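Notes to accompany the following structure.
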Amino acid sequence: MAKNYICDMDGVLVFGSQIIPGANEFIRRLEQAGSKFLVLTNNSIYTQRDLWVRLQRIGLDVPANAIYTSAMATAQFLATQHPGGSAYVIGEAGLTTALHDAGYIITDQDPEYVVLGETLSYSFERITQAMRFVAAGARFIATNPDVSGPGEGGMVPATGAVAALISAATGVQPYYIGKPNPLIMRTALRTIDAHSEDSVMVGDRMDTDIIIGTESGLETILVLTGVTRREDVSRYPYRPTHIVASVADIEV
């Protein structure tokens with residue numbers, strides 16, 4: 001039976017705006033083997049369709065319905081926890097669209113939640129407003145805990161770094177939805193009707209991709225095209241099932 005594959009995006013299939021060599025061939029091998037697969041990303045900036053178009057433009061051919069973001073998982077979580085709620089949102093279209101689709105109202109008037117995601121331009125004024133809402137009792141949700149990520153020209157600050165600022169000011173820690181929370185893995189597996197015992201997690205980060213795969217009972221493959229280097233692996237109390245140079249070396 002063909003295994004199912006959950007793959008990170010940044011550092012695994014692409015790096016910035018560059019496709020990682022062998023990524024398309026890896027996707028083709030999955031399709032030819034009849035494997036179910038999902039690209040699982042903590043990036044909440046773009047909608048599913050936006051990401052599909054962006055990947056198409058750089059030459060990576062991934063079906064739109066095979067893309068799943070932390071924004072989508074966040075919206076689904078909130079819809080099950082508190083249907084039809086309201087939120088003050090710091091984020092881009094990927095997050096606001098997902099929340100609207102889930103029936104949420106986005107407001108700056110007494111929101112029930114503060115939802116923080118990736119954004120291309122953080123506003124100190126909006127961060128201050130979010131801090132005040134959290135201090136006043138709004139429940140604090142963040143799409144993912146990554147403090148940095150790969151970008152054009154090098155690493156860039158990410159959601160976790162801004163969440164830390166709000167937490168330091170309020171004493172309130174957010175509930176993170178994205179990797180390494182096993183919640184997003186369970187949602188991802190349900191999306192493709194897959195089970196952990198028949199599935200593989202492919203990622204470039206020990207602290208998000210490999211730990212979520214390990215804690216969710218998946219086989220794990222660490223690729224060395226992103227954040228984690230081979231010499232870093234021994235510092236962690238858990239290990240990937242396999243380590244490969246890139247997705248080009250994964251035999252399906």
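Nothing in this text is a laboratory measurement; each read-out follows from the coordinates by a stated rule. Not measured: the values here are computed from a predicted model. Positions of Cβ are backbone-derived with ideal geometry, glycine not excepted, and every protein chain shown enters the neighbour counts.
Of the beta bridges in region 1-82, as assigned by DSSP with both residues counted there, near 20 percent are antiparallel. Rounded to the nearest 5, the antiparallel percentage of DSSP beta bridges internal to region 96-252 is 25%.
Taking amide H atoms as placed 1.01 Å from N in the peptide plane, the amide H of Gly85 lies under 5 Å from those of Ile105, each 5 or more residues away in sequence or on another chain.
Counting beta carbons within 10 Å around each of Leu218, Leu95, Leu183 and listing the fewest first gives the order Leu183, Leu218, Leu95. Residue-wise HN-Hα couplings along region 30-35, as the Karplus relation 6.51 cos²θ - 1.76 cosθ + 1.60 with θ = phi - 60° gives them from phi, are 4, 5, 5, 7, x, 7 Hz; Gly and Pro carry x.
Amide H contacts for Phe15 (H built 1.01 Å from N in the peptide plane; partners 5 or more residues away or on another chain; cut-off under 5 Å): Ile20. Identify which of the listed values of P(r) over Cα pairs in 10 Å bins from 0, in percent was calculated from the structure shown: [x] 7, 32, 40, 19, 1, 0; [y] 6, 26, 30, 17, 6, 5, 4, 3, 2, 0, 0; [z] 8, 32, 36, 19, 5, 0. Here P(r) over Cα pairs in 10 Å bins from 0, in percent agrees with entry [z]. Per-residue Cβ neighbour counts within 10 Å put Ser35, Ser148 in the sequence Ser148, Ser35, beginning with the fewest. In a reduced charge model with +1 at each Lys and Arg Cβ and -1 at each Asp and Glu Cβ, region 159-252 shows a dipole moment near 360 debye about its Cα centre. The Cα center of region 229-245 and the Cα center of region 47-95 differ in position by 29 Å.
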